[in-house]
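Below: the structure, in structure tokens.
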Amino acid sequence: MIQCVLKYASSVNSVIYFALLPYGLNDQAVIKKFLGEKTIEEKSYYKIEITFQENGGGEDHSDIFHYWINKENFAIDYLAYLYHTDGGGIRFRKAYNRRTVNGIIFQDYINYKPKNESISLEDLELQFIAGELEELSRIELVNVKVE
């Protein structure tokens, strides 16, 4: 029973983390690295990599995240990540349905996976641009309320 609770707690934590981006990216355990400027779907982005210190970085501190930050409005339009839980893997997400509720930004995501799981995190961007990723799921926040 405890394993089941921990598994779902981790899943809920993950959904909350992604839903509330960019909040949390300035936590003390966060390590940021600038990866340059990129273009996706004719828009310009700053690409950054986020990793975490082991101390304070949580149980998933070894995961690696890439974010594409829109140069015009500083929104996170795309993200990709390498994760190690449940056998591990890599994913790419495209944000949509961005809205602000009582001053907090929320957005939904199309979640993609590579056709070939051996692809590197760095290559996901090119795979997305080439239309080579498969839609895995959609993460949609409904009935969002902030009090």
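For the reader, a short list of remarks on this structure follows.
- Unique match (being touching a Lys or Arg at 6+ places or on another chain (Cβ under 8 Å), in contact (Cβ under 8 Å) with a residue 60 or more places away in the chain and part of a strand (DSSP E or B)) among Tyr109, Tyr78: Tyr109
- Complete set of residues in segment 81-101 that are in contact with a strand residue (DSSP E or B) (Cβ under 6 Å, 6 or more places away or on another chain), free of Cβ contacts under 8 Å to residues at least 40 places away in the same chain and more than 14 Å from Asp123 (Cα to Cα): Lys94, Ala95, Tyr96, Arg98
Quick grid of which residues meet (1) of a type outside the set (A, V, I, L, M); (2) closer than 23 Å to Gly36 by Cα; (3) crowded, with 19+ Cβ neighbours inside 10 Å; (4) in contact (Cβ under 8 Å) with a residue 12 or more places away in the chain:
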residue: Gly103; (1), (2), (3), (4): yes, no, no, yes
residue: Ile129; (1), (2), (3), (4): no, yes, no, yes
residue: Leu133; (1), (2), (3), (4): no, yes, yes, yes
residue: Leu136; (1), (2), (3), (4): no, no, no, yes
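- Selection from segment 116-147 of residues that are in a loop (DSSP other than H, G, I, E, B) and among the hydroxyl-bearing types (Ser, Thr, Tyr): Ser118, Ser120
- Some residue of segment 75-87 being within 30 Å of Glu147 (Cβ to Cβ), surrounded by fewer than 17 Cβ atoms within 10 Å (Cβ to Cβ) and modelled with pLDDT of 95 or more: no
- Checked against (1) within 15 Å of the chain's Cα centre (by Cα); (2) closer than 14 Å to Ile40 by Cα; (3) of a type outside the set (Val, Ile, Thr), Ser137 passes all but a single condition, namely (2).
- Among the residues of segment 88-101, those identified as surrounded by fewer than 19 Cβ atoms within 10 Å (Cβ to Cβ) and either over 19 Å from Lys47 (Cα atoms) or among the hydrophobic types (A, V, I, L, M, F, W, C) (or both) are Gly88, Gly89, Asn97, Arg98, Arg99, Thr100, Val101.
- Top-ranked residue of segment 46-74 - restricted to ones that are surrounded by 15 or more Cβ atoms within 10 Å (Cβ to Cβ) and charged (D, E, K, R), ranked as modelled with the lowest pLDDT: Asp60
The values are calculated or read from the model by the stated rules, or taken from the named source; none is laboratory data. Fair warning: this is a prediction, and the values are worked out from it, not measured in the lab. In this analysis, Cβ positions are derived from the backbone assuming ideal geometry, glycine residues included, and neighbour counts consider all displayed protein chains.
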